[in-house]
Each structure stands twice: as C-alpha cells, then as structure tokens.
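What follows is a short report on a single structure.
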Amino acid sequence: MSNRLKEIPHLPRKLPFLGHLPGMARDPFGFFDRAAGHGPLVRVRLGPKTACVVNDPALLRHMLVAGRGDFDKGGGVVEAFIKLWGGNGGLAACPNEAHRVARPLMQPAFHPSRIPGYNRQMVRNATEIVGRWRPGQAVDIDREMTRLTTKTLTNSLFTDPVSVRCVDQFQHDLPIISSGLLARTILPAYGRLPLPANRRYREAQARTRSAIDSMIRNRREDPGDYDDLFSLLLVRRPDGTVALSDEEVQGHIWSFMIGGIDTTAALLSWTLSLLVRHPHWYTRVEEEIDTVLDGAPPSHADLARLPQLQRVLTETLRLYPPGWVVSRVARARTALGGYRVPEGAELYFSIRTLLRDPAVYADPDRFDPDRWLEGNCTRAQRAAFLPFGAGARKCIGDVFALAEAASTLAVLLQRWRVQPVAGSRATLKVGVVLHPKGLRLRVIPRTSARALRPAAEDAPCERGQSAGTPHETGHGS
C-alpha cells in the first residue's frame, strides 16, 4: 500500500472516555450532518472504539460495489441485528461469503416474472384493509400500513397457515424491536441496563424467536406444496442435507420480516404524510390515478403509467430513507478515496445525510418530486440515491417494495381522501427505521371529498406547525 495515503482526520469536540457517543445518542441526525461537514471520510470516537464515517456518495458507492472484497458487513448496526436475529444475521446482515450462498437460493422468489402475481395480491390486500375504514374515521396511518405490509408479506412470501399466524403476531412486537435496535447500535451496553424498555425488548424478541421456531419446525415436518420464499429457505441439497441450518433460516426470516414489513410501512406512511402537507402534489397524484386507472384496480403494468406517483415515492425515499444508517467493516488494510483504512475499521454512513446534501440536491429539505424529471435529474443525484444500497448487496426486495407501495397508494387514493386530524401532531421516531409516530389522518370517501380539495401552498419539508406535520425529535429508541 502506498505511503502517500492520507490519514483519516478526526472529528473534533470529543469528550474524554465517551468520545462522540453522547452527541450521537442525543441527536444522531445532527451527528452525521456535522461529520459530513468535515470531509469525505472522518474518524470518530465511540466510547472505547474508533470508527469512520463515510460522507461522500462516490466513496460509498465504491465501497458497496467495487470494494466488496475489502469491505464486508459488520460494525455496530450489523452487530445489533446479529444479536437480535442469531445465526449470521440473515440476508441483510450476513458476511459476503454467506450471502453468496444464500442470495441465489432466494432470488427466484423475486424474479421479475413473479412481481405481477404479487401485485394482484398487494391490490387485494390494500382493498381489504382500506375497505374496513369508515367515513370520517381518524386512522393511525403507520399502524394500518404495518398491518397491510404484514398481510402482503404472509400472502406472498410465507403462505402456510402457521407462518401467517406467526408473522401476524410479529407485527405487534415490531415497534418495540425496531425502536430498541438503534440504542443497541449506538451503545451496545444499553441493552444490559435494568430498564423497563429493555425488559419489553427482550420479551418481544423471545416471543418472535419462539414464533419463528414454530414456523421452521412446522414446515420441516410438513413441507406441503407451497410456492413461496419459505420453501426456498428450506431447500435440500441432492444428498438430502439442508442447504441452510435452522439458525440460518431464522436469521433470514427475521431479516425479511423487518425488511418486508417495517420499511415499506414507513415508506407508505411518509408518502401519505407528505402528500397531505403538499396539497398541490396530492391533487396531481390523485388526478393522475383517476385518469390512468379510471376506477379500475391497478395492474403491475399500470404502475409504469403513473410517473408522478413514482416520482413522489422516489422523493419520499430521499427525504425519509427507511434504513437510514448502515455500517461496514474493513476485512484487511486497504484504501478508500486516498485515505488509509486499517484492518478491522468500522465504517458508518448515513443515507439520510447523503440524500440531503445541498451540494447534490438543491434546497435539499424541500419536497420536490419534479427534481427527478429526466431533464432535472443530474448524474450526481442519481449516483447519490442509494436507499436500497448498491452492488451485489443491494436489497433483494427493492422492486417488490416499490410495487407494493405504488399499488397500495393507488388503491387507497382512489377510494379515500386523507386529511390531517385537527390537533394531532406526529413526530419523527428515530429508530433503525424512521417512522412518523402518531400520524393520524381522517379518511373521507372520494365521492364526498371532491369539493374539499385543499388549496394551501406547498411548504418545505419539516417546516411549519400544521396539524399532522411530523417534527423531528432527534431521539433514538
């Protein structure tokens, strides 16, 4: 390695013994935003551990794509998942070597030819869930979207009756688990403190482990004729041995339940929140859906004919990427962007910070789906847009998730107009996945709401104090 490589600079204002941990725990968004102001790569102190923060999209893309041999899954975020899931952490967190074995087994479940069939199920699920609402009802949107994405996951990927019951049970423990993961990422010792929140977290973890064990045991004993992801996880080799151990299967199920339920529910909730806060865009999307679909349920082919809705989803992912902080570890001494990276170094990056970089995105806090129009979208914007990762470790379910979000919103907005509930105030809950906590919206039948189109001007994201507007709390767990 060249001696000309630079040493990674240190982020200033660290405390004795604790380093930058208090600032990161108190305001994780502010911590990563501040780190981004100190160069493309900066060294931070997290208690007794030294880590690096990657602040440049080009370095991040290199690390995820070309640098896969040098950088592997690891670091605080991954360690928290492995402790929760067991095994090697499931598809989202397992080392590259295990990923090369597991991903090909599961890839057939996400082949493009299967998405139209999944889309039909997504539309049925959305029709059923929103069909239960009553005119004038104040709906807890995040809870309802979680219920919907849970149903889609079980109807598409884990279809036997035992699995359906177990995954349905998991949705009740999901908020407890999701909120507790970030604290364990930032401060692993937090989980050992005798706090009620830790007791609830351990109980939720134990219930979910037990449920997944039941799923695996039942399907091993009675494989049935199920054409789903679960069947692929339990495939046997020609000699009759299992390709994945029960512990590995459990990790993958954990991974898909959090990835398939929590992140898509958050995307749906944030999209509805943003549409309500930006009525001009709400009207544009609503009119597009009416024109293209003319009251019919959306097919998978129809989704490509809804470009404004697609741009709204893209912009929502930019502002509120569900998996907003990720980590990697250097497998050997290497270089990144001209800097010397020691073996075993942990590298963190905040997708949220990168997606709000004013050098890449003009007026970055503003909700502006038209920034993704072909004539407006720059090469730098596209290169920095990494909410699903990149390279061989890119999210296996990205197309599935976007199809689910688009078809669900098309069904919902055909039937209902959603409006803020007077006096309600949602807050941004900072966990491993970002959610609008307390987002309550009133649903009005479209036949009654056509004369009630809002006329307010669009406002920048996260500004103002109107009812139903999420406010960033900056607090984890």
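The values are calculated or read from the model by the stated rules, or taken from the named source; none is laboratory data. Note that this is a predicted model, so its numbers are computed, not measured. Neighbour counts are summed over all protein chains in view; Cβ atoms, including those assigned to glycine, are modelled from backbone coordinates with ideal geometry. SASA here: full protein model, heavy atoms, side chains in, ligands and nucleic acids out. Shrake-Rupley method; radii C 1.70, N 1.55, O 1.52, S 1.80 Å.
Here are some notes:
- Scan of the range 82-95 for residues that are open to solvent by less than 50 Å² (accessible area, probe 1.4 Å), outside any loop (DSSP other than H, G, I, E, B) and either modelled with pLDDT of 80 or more or touching a Cys at 6+ places or on another chain (Cβ under 6 Å) (or both), ordered by number: G90, L91, A92, A93
- When the range 127-147 is filtered for residues that are among the acidic types (D, E) and open to solvent by less than 70 Å² (accessible area, probe 1.4 Å), the ones remaining, listed by number, are D140, D142, E144.
- From the list L293, L317, L373, the one residue that fits, being out of contact with any Gly (no Cβ under 6 Å at 6 or more places or on another chain) and crowded, with 21+ Cβ neighbours inside 10 Å, is L317.
- A count restricted to the range 275-290 and to residues that are closer than 20 Å to T127 by Cα and either open to solvent by 40 Å² or more (accessible area, probe 1.4 Å) or in contact with an Asp or Glu (Cβ under 7 Å, 6 or more places away or on another chain) (or both) stands at 2.
- Screening the range 234-310 for helices (runs of 4 or more DSSP H) wholly inside it with 3 or more residues that are without any contact (Cβ under 8 Å) to a residue 40 or more places away in the chain, in contact with a helix residue (DSSP H, G or I) (Cβ under 9 Å, 6 or more places away or on another chain) and farther than 20 Å from T149 by Cβ returns the ranges 279-293.
Quick grid of which residues meet (1) open to solvent by less than 40 Å² (accessible area, probe 1.4 Å); (2) in contact (Cβ under 8 Å) with a residue 12 or more places away in the chain; (3) within 21 Å of V430 (Cα to Cα):
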{"site": "D160", "(1), (2), (3)": "yes, yes, no"}
{"site": "Q171", "(1), (2), (3)": "yes, yes, yes"}
{"site": "T185", "(1), (2), (3)": "yes, yes, yes"}
{"site": "L193", "(1), (2), (3)": "no, no, yes"}
{"site": "A206", "(1), (2), (3)": "no, no, no"}
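- Among the residues making up the range 377-400, those that are assigned to a helix (DSSP H, G or I) and at negative phi are R379, A380, Q381, R382, A383, A384, A392, R393, D398, V399, F400.
- The residue pairs whose first member lies in the range 338-356 and is free of Cβ contacts under 8 Å to residues at least 24 places away in the same chain and open to solvent by less than 10 Å² (accessible area, probe 1.4 Å), whose second member is part of a strand (DSSP E or B) and of a type in the set (G, A, S), and whose beta carbons are closer than 8 Å, counting only pairs six or more residues apart or on different chains, do not exist in this structure.
- Test for R219: is it open to solvent by less than 40 Å² (accessible area, probe 1.4 Å), in a helix (DSSP H, G or I), of a type in the set (K, R) and in contact (Cβ under 8 Å) with a residue 12 or more places away in the chain: yes
- Lone unmet requirement of (1) farther than 30 Å from I177 by Cβ; (2) surrounded by 24 or more Cβ atoms within 10 Å (Cβ to Cβ) for R237: (2)
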